[in-house]
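Notes for the one structure printed next.
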Amino acid sequence: MTNPASNPELGPAASPCINICQMDAATGLCLGCLRTLDEIARWSSLDNPRRHAVLAQLPQRREQWLAAGRTLPTPRPPRGRTP
């Protein structure tokens, strides 16, 4: 498997934010996007390969989250927009 951070063919990395911004004290992860507070805070300053590296970690985090019996919230519409 290719390291996403070293793949120049990847397009722009979109934020995984789903507008549910609440940190889980036990894991240190956002309940919505499963990023750490540091990853969220640095997102706008990360270059595209580093953003893809963060995104590459999310499927494993999601798998571990669900395996621990936790549920994931339903995404909300983007802020400032109505459905």
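The values are calculated or read from the model by the stated rules, or taken from the named source; none is laboratory data. All figures in this text were calculated on a predicted structure; none of them were measured in a lab. Note that we place each Cβ from the backbone using ideal geometry, even for glycine, and neighbour counts take in every protein chain shown. For the accessible areas, the whole protein counts, side chains as well, though only heavy atoms, and no ligand, DNA or RNA atoms are used. Shrake-Rupley method; radii C 1.70, N 1.55, O 1.52, S 1.80 Å.
The residue pairs whose first member lies in region 46-63 and is more than 12 Å from Leu34 (Cα to Cα), whose second member is open to solvent by 80 Å² or more (accessible area, probe 1.4 Å) and not in a helix (DSSP H, G or I), and whose beta carbons are closer than 7 Å, counting only pairs six or more residues apart or on different chains, are Asn48/Pro12.
Arg51 meets the conditions (1) at pLDDT below 95; (2) surrounded by 14 or more Cβ atoms within 10 Å (Cβ to Cβ) in every case but one. The failed one is (1). Looking across region 32-49, the residues that are assigned to a loop (DSSP other than H, G, I, E, B) and among the hydrophobic types (A, V, I, L, M, F, W, C) come down to Cys33, Leu34, Leu46. Considering region 25-83, and only residues there that are β-branched (Val, Ile, Thr) and within 13 Å of the chain's Cα centre (by Cα), the residue that is farthest from Leu10 (Cα to Cα) turns out to be Thr36.
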